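Chemist: One structure is given below, represented as structure tokens, and several questions about it will come after.
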Amino acid sequence: MSGDVDFARRLAELVAFPTVSSASNLALVEHVEGLARAHGARIRRFADPSGEKANVLVTIGPEAPGGIVLSGHTDVVPVTGQDWSGDPWTLRERDGRLVGRGATDMKGFLGCCLAALPKMAAMNLKVPIHFAFSYDEEVGCTGVGPMAEWVGANAKPRLAVIGEATSMDMVNAHKGGCIGWCHVTGKPGHSSQPERGVNAVMIAAELIGEISSIYAGMRQGPLFEALDPPYSTIQVNQIEGGSHGNILAEHCKFFWEMRLVPGESDDQVLQRMRAFADRLEQGMKPVDAGAGIRFDIQARIPPLAPSGDAALEAEILSLLGRDAPRAVPYGTEAGIFAAAGVPSVVVGPGSIADAHQPDESIAIEQMAACTDFLLRLAETATR
């Protein structure tokens, strides 16, 4: 790799840790803690129940309320089945870009944070700067919650910047999400006598039809015009069930996901799904008391709405050299920080279109712009 660019070196170090969501991130956490301690940072870990993963909160500056949170996730998606031109875990430079798993999503931002840390630590900070690095974002933002809640209740920062890829635009609104599995248990039997059993696949099909009706209604509103599409959505993206072509299916399960505009409640959608399931069960239980329908929620991601602090948003836009914020249809951990009482925006290097791809990469100029932005933002903590 050419040159001696701190953010590129830090990104290379981070990419070398294969922190797919199914694996531990502790080696990366220990690496971050070692870099931070060299600059006098205070460190707090938030371990998962297994002790195999952790969020890490690194703080520089005075022990005082207020300040800024810079947040990103340490986990990456797998490379299995993807056609990479080289080792995904060895960062390399190509045509002005840095190539490696997580380069865009989102170790690029973490690398910028770590590159900026020494200069930030040398500033005369009047309020603290927190680096909040999380785990298990890629499986539904399930890891960051305890850290975000602690930050909101104890550190009380004036702002959190979540560094998902936005091409260095400021995002102040995004959809929320709710994902999970629906499990249908039927009663098996010979397919020539369907009335004597409960066909779980057929029941699941009726439920999916109801979900399609819910989606059709969502298209009519409520609308959030800055988003594309401007309405909420719900989909079924996986299904499996049955054991043989002439046996009534005893089991079927399908995966659903909803993406809701700010102001919409996933509880209302779930209530409609469960009410329909209750009606279906009224025909299932008389055939077999063990037949039934169960919804397992895997993750809930709050939407992000504009903070309402026009002066704060104007300040960030000015630092970025942008005229206006934008909204995105996907979810981030910003919604979780906002729900914990921390005004939040999303600003990060790279394009989301490059995330999760083989030969995932990020433009060096984007990382340079991000590092400069972080240092300009840190200057506001000196006043």
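Chemist: Report, in deg cm²/dmol and to the nearest 500, the calculated mean residue ellipticity at 222 nm for the chain, where each DSSP H run with n ≥ 4 adds -39500 (n - 2.57) and the sum is divided by the residue count.
Modeler: Counting only the DSSP helices, I get -9500 deg cm²/dmol.
Chemist: Still on this model: Anyone know which of GLY348, GLY221, GLY245 comes out most mobile in the 10 Å Cα GNM of the chain?
Modeler: Looking only at GLY348, GLY221, GLY245, the largest GNM fluctuation is found for GLY245.
Chemist: Please sort by residue number the trypsin sites (Lys or Arg not before Pro) in the range 123-215 whose DSSP state is loop and whose Cβ has at most 15 other Cβ atoms within 10 Å.
Modeler: Passing sites in the range 123-215 are LYS126.
Chemist: Only loop residues by DSSP count here, and only those with at most 15 other Cβ atoms within 10 Å; note down the trypsin sites (Lys or Arg not before Pro) in the range 217-316 that meet that.
Modeler: ARG219
Chemist: Using the beta-carbon distance between ILE247 and LEU223 and R0 = 51 Å, what value does 1/(1 + (r/R0)^6) give for FRET efficiency, to the nearest 0.05?
Modeler: 0.65
Chemist: Would you work out if the range 39-175 is rounded, prolate or oblate? Take a ≥ b ≥ c from the square roots of the eigenvalues of the alpha-carbon gyration tensor; rounded if a/c is under 1.5, else prolate when a/b is larger than b/c, oblate otherwise.
Modeler: Prolate, since a/c reaches 1.5 and a/b exceeds b/c.
Chemist: With θ taken as phi - 60° and the coefficients 6.51, -1.76 and 1.60, list the Karplus ³J(HN,Hα) couplings across the range 203-218 in order, rounded to whole Hz; mark glycine and proline as x.
Modeler: With the stated coefficients, the range 203-218 comes to 4, 4, 4, 5, 4, 5, x, 5, 5, 4, 5, 4, 4, 4, x, 4 Hz.
Chemist: Place a label point 7 angstrom from the Cα of PHE255 along the Cα-to-Cβ direction, then list the residues of the range 210-235 whose backbone nitrogen is under 17 Å away.
Modeler: So the set is 234-235.
Chemist: Something else about it: Using a Gaussian network for the chain with springs between C-alpha atoms less than 10 Å apart, which of these wobbles most: LEU114, LEU14, LEU319?
Modeler: Highest fluctuation of the listed residues: LEU319.
Chemist: How would you rank TYR330, TYR135, TYR231, going from fewest to most other Cβ atoms within 10 Å of each one's own Cβ?
Modeler: Ascending number of Cβ neighbours within 10 Å: TYR330, TYR231, TYR135.
Chemist: Give, in nm to one decimal, the length gained when the segment between ILE297 and SER318 is fully stretched (0.36 nm per residue of separation minus the Cα-Cα distance).
Modeler: 3.5 nm
Chemist: Going by average Cβ neighbours within 10 Å, how do the peptides 26-38, 67-79, 179-191 rank, with the highest at the top?
Modeler: 67-79, 179-191, 26-38
Chemist: Under 10 Å, Cα contacts only: if you run a Gaussian network model on the chain, which one of SER50, SER212, SER22 comes out with the highest mean-square fluctuation?
Modeler: For the chain, modelled as a Gaussian network with Cα springs under 10 Å, the answer is SER50.
Chemist: Among all cysteines in the chain, which have no other cysteine Cβ under 4.7 Å from their own Cβ?
Modeler: CYS113, CYS141, CYS178, CYS182, CYS252
Chemist: Inverting the mean 1/r over all pairs of different Cα atoms, compute the Kirkwood radius of the range 202-308 and quote it in Å.
Modeler: Kirkwood hydrodynamic radius for the range 202-308: 15.6 Å.
Chemist: Would you kindly work out the equivalent ellipsoid of the range 193-255 from its C-alpha gyration tensor and give its semi-axes, the square roots of five times the eigenvalues, largest first in whole Å?
Modeler: So the three semi-axes of the range 193-255 are 34, 11, 6 Å.
Chemist: Can you give the Kirkwood hydrodynamic radius of the chain from its Cα pairs, in Å with one decimal?
Modeler: 22.4
Chemist: Here is a follow-up. Kindly provide the GluC sites (Glu not before Pro) of the range 213-265 that DSSP labels as loop, not H, G, I, E or B, and whose Cβ sees at most 13 other Cβ atoms within 10 Å.
Modeler: GLU225
Chemist: OK, next. Quick one: Cα centre-to-centre distance for the range 52-97 and the range 267-317, in angstrom?
Modeler: 30
Chemist: While we're looking at this one, here's another question. Report the label-to-label distance for ARG274 and SER191 in nanometres (one decimal), using points 7 Å from each Cα along the Cα→Cβ vector.
Modeler: In this crude spin-label approximation the distance works out to 3.4 nm.
None of the figures in this text is laboratory data; all of them are computed from the coordinates on show. What you see is a predicted model, and the numbers here were worked out from it, not measured in a lab. Cβ atoms come from the backbone with ideal geometry, glycine included; neighbour counts cover every protein chain shown.
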